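J.: Can you keep this structure in mind? I'll have questions shortly.
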Amino acid sequence: MRNTAKEHLRMKNLFARLRKNAVIDTLCTLEGNAKPCLYLEPLWGIPYNLYAPLASVYMAALGLSPTQIGLISTVFLASQMCWALLSGVLTDKLGRRTCTAVFDCISWTIPALLWTFAQDFRWFAAAAVFNGAWRVTETSWDLLMIEDAPESRLVHMYTLTSIAGLLAGFVSPIAYFFVQKFTIVPTMRFIYGFTCVMMTSKFVILYFLSKETSVGKRRMEECRGVSLFSRLWDSRKVFFRMLRSRRILLTVAFVACYSGICNVNGTFWPLLITDKLGIPTEDLSIFFTIKNLFMLVCYFVVAPRLDVRRFRHPVLLGLCLLIAQQLLMLLMPAGAYWPVVLAVVLEALALSILDPMRGSLQMINIDREERARMLSYFYAMCMLTTSPLSWLAGVAAEADRALPFAMNLVLTLIACGLICILWKERRTDIDGEAA
């Protein structure tokens, strides 16, 4: 009995020490919509990480040419742009809860079914149109999760979202095992069928475990009897308000720079490593594993110390780490493994700071009552800005595999300047409100 009591006390003390970590404490004390939103996220993340790395290989196996695969990406991007512009009015009209359930099914359940039974280009093109509707749930799900939550918890909630995605990513090697055993097409058909079941289950469970937010109820009441097109036309006033707000424009510019940096890193980092530095393709998985493991540790060690209300220093630190990573990528010699490992560690540390801060900065710098419509324009403006960056990086990579990272270096320096100006703007606004 005495040993049992000691063991119980030891476990209690361990749990108390763990609760001192702000991220773990947030996980243990989640309330309202944040609880089902975050706890159910693996039901989406696991199937997504199983199929995503092999999606283009599956298309090629079904006879699609590289040009057709590129065209599908273009259709997907165009679809996202259109849905992003509609996301705000749809979220206000239907409510955060209903909009998330309906458009989750449109953007994931329907495409997963199409991918499962796909025969040719037309199936994938149709799936891309539906899949682009995830931009609607990007707005509605975010607002469902955070709208009734305290502002001080935002960074930690976005950290938990990133952790859920990161943990789900560790299942992706399972898909490669099944491909070796059963070949690509039957494996992917099974995975897409599994995706349809898992994701749809998540959408239904979330609908029944969540409730409409306080702001969502007010917006639904305002939209009652107003047509979708009238609401969309009225949204132009919100758009012009955004254009007149320096804080919002600075936030859009910062997020666009950061998104561009991440896109270039994700797309051209493997090409630089294999083509210019001469590191074997099979070794890439080692670096990705190191990055994911290090990010996971940083999310529990670094993220608990972050506060979006004091964003300047942590964001600048993250950007400086990215600058060091870009310089290392530009200067490292061919065949050198340790500089690559160091670059991966620097990027992981930077992303563990910047990922949760980016989402939180979006939320605190836009009007609470108009978050839905403002977020829709916010995402559309970011996509419009970052789309040419990927093309420019591709042109640069044709000349030299390292040039995209020189472009990233410039973008990171611009982001540093933007965050300093944004900090001054926010402090000025807060001081003005206090006066």
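The values are calculated or read from the model by the stated rules, or taken from the named source; none is laboratory data. Model, not experiment: these values are computed from the prediction. With ideal geometry, Cβ positions are generated from the backbone for all residues, glycine too; neighbour counts draw on all protein chains shown.
J.: Looking at Leu86, Leu113, Leu94, Leu90, which one is under 25 Å from Gly193 (Cα atoms), in contact (Cβ under 8 Å) with a residue 40 or more places away in the chain and either not aromatic (Phe, Trp, Tyr) or not assigned by TED's automatic domain parsing to the domain that holds Met374 (or both)?
T.: The unique qualifying residue is Leu113.
J.: Sticking with this one: Taking Arg401, is it of a type in the set (Lys, Arg) and in contact with a helix residue (DSSP H, G or I) (Cβ under 6 Å, 6 or more places away or on another chain)?
T.: For Arg401, the condition - of a type in the set (Lys, Arg) and in contact with a helix residue (DSSP H, G or I) (Cβ under 6 Å, 6 or more places away or on another chain) - is met.
J.: While we're looking at this one, here's another question. Only one of Trp338, Trp423 is without any contact (Cβ under 8 Å) to a residue 12 or more places away in the chain and either over 26 Å from Tyr299 (Cα atoms) or in a helix (DSSP H, G or I) (or both); which?
T.: Result: Trp338 is the single residue among Trp338, Trp423 that is without any contact (Cβ under 8 Å) to a residue 12 or more places away in the chain and either over 26 Å from Tyr299 (Cα atoms) or in a helix (DSSP H, G or I) (or both).
J.: Is it the case that some residue within region 156-175 is within 23 Å of the chain's Cα centre (by Cα) and in a loop (DSSP other than H, G, I, E, B)?
T.: yes
J.: May I pose another question? So the check is Cβ under 7 Å with 6+ separation or different chains; which pairs have a first residue in region 153-178 that's outside the structural domain of Ser360 (by TED's automatic domain parsing) and among the hydrophobic types (A, V, I, L, M, F, W, C) and a second one that's surrounded by 21 or more Cβ atoms within 10 Å (Cβ to Cβ) and not in a helix (DSSP H, G or I)?
T.: From residues that are outside the structural domain of Ser360 (by TED's automatic domain parsing) and among the hydrophobic types (A, V, I, L, M, F, W, C), the pairs are Val155/Leu306; Ala164/Glu41.
J.: Would you mind finding the one in Leu62, Leu94 that is over 23 Å from the mean Cα position of the chain (by Cα), of a type in the set (A, V, I, L, M, F, W, C) and closer than 30 Å to Glu222 by Cβ?
T.: Leu94
J.: Answer yes or no: is there a residue in region 313-327 that is surrounded by fewer than 18 Cβ atoms within 10 Å (Cβ to Cβ) and farther than 30 Å from Leu277 by Cβ.
T.: Checked against the condition, which is being surrounded by fewer than 18 Cβ atoms within 10 Å (Cβ to Cβ) and farther than 30 Å from Leu277 by Cβ, region 313-327 yields at least one hit.
J.: Which condition number does Val136 fail, the rest of (1) modelled with pLDDT of 90 or more; (2) part of a helix (DSSP H, G or I); (3) farther than 30 Å from Glu369 by Cβ being met?
T.: Here Val136 clears every test but (3).
So that you can scan it fast, the table gives a plain yes or no per residue for (1) closer than 14 Å to Val315 by Cβ; (2) modelled with pLDDT under 85; (3) assigned to a helix (DSSP H, G or I); (4) of a type in the set (Lys, Arg):
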position: Ala350; (1), (2), (3), (4): yes, no, yes, no
position: Arg358; (1), (2), (3), (4): yes, no, yes, yes
position: Asp367; (1), (2), (3), (4): no, yes, no, no
position: Ala372; (1), (2), (3), (4): no, yes, yes, no
position: Ser390; (1), (2), (3), (4): no, yes, yes, no
position: Arg401; (1), (2), (3), (4): no, yes, no, yes
position: Thr412; (1), (2), (3), (4): yes, no, yes, no
position: Ile430; (1), (2), (3), (4): no, yes, yes, no
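J.: Moving on. Looking at Ala78, Ala133, Ala126, Ala101, can you tell me which residue is closer than 28 Å to Val226 by Cβ and surrounded by fewer than 18 Cβ atoms within 10 Å (Cβ to Cβ)?
T.: The unique qualifying residue is Ala78.
J.: Among what's in region 395-420 and is in contact (Cβ under 8 Å) with a residue 12 or more places away in the chain and of a type in the set (Gly, Ala, Ser), pick the residue that is surrounded by the fewest Cβ atoms within 10 Å (Cβ to Cβ).
T.: Taking the candidates together, the pick is Ala406.
J.: Those residues that are surrounded by fewer than 24 Cβ atoms within 10 Å (Cβ to Cβ) and over 25 Å from Thr98 (Cα atoms), I need them from region 136-170; list them, please.
T.: Ser152, Ile163, Leu166, Leu167, Ala168, Gly169, Phe170
J.: Does region 211-264 hold any residues that are of a type in the set (S, T, N, Q), touching a residue at least 40 places away in the same chain (Cβ under 8 Å) and assigned to a helix (DSSP H, G or I), and which are they?
T.: Ser214, Ser235, Thr251, Ser259, Asn263
J.: Return yes when Ser235 is under 23 Å from Leu86 (Cβ atoms) and buried (at least 17 other Cβ atoms within 10 Å of the Cβ) and no when it is not.
T.: Considered against the rule, which asks whether it is under 23 Å from Leu86 (Cβ atoms) and buried (at least 17 other Cβ atoms within 10 Å of the Cβ), Ser235 comes out as yes.
J.: A further question follows. Filter region 157-204 down to the residues that are modelled with pLDDT under 80 and of a type in the set (Ser, Thr, Tyr), then identify the one that is nearest to Ala34 (Cα to Cα).
T.: If we take residues in region 157-204 being modelled with pLDDT under 80 and of a type in the set (Ser, Thr, Tyr), then Ser172 is nearest to Ala34 (Cα to Cα).
J.: For region 265-308, which positions are surrounded by fewer than 13 Cβ atoms within 10 Å (Cβ to Cβ) and of a type in the set (Lys, Arg)?
T.: Once the filter is applied, which keeps residues that are surrounded by fewer than 13 Cβ atoms within 10 Å (Cβ to Cβ) and of a type in the set (Lys, Arg), region 265-308 yields only Arg305.
J.: In addition: Within the set of pairs 6 or more residues apart or between chains, which connect a residue that is part of a helix (DSSP H, G or I) inside region 20-34 to a residue that is basic (Lys, Arg) with Cβ atoms less than 9 Å apart?
T.: Sorted first by the residue in region 20-34, then by its partner, the pairs are Ala22/Arg153; Ala22/Arg305; Asp25/Arg19; Thr26/Arg153; Cys28/Arg19; Ala34/Arg153.
J.: Which members of region 328-340 meet the condition of being in contact with a Phe, Trp or Tyr (Cβ under 6 Å, 6 or more places away or on another chain) and crowded, with 22+ Cβ neighbours inside 10 Å?
T.: The one that is in contact with a Phe, Trp or Tyr (Cβ under 6 Å, 6 or more places away or on another chain) and crowded, with 22+ Cβ neighbours inside 10 Å: Met329.
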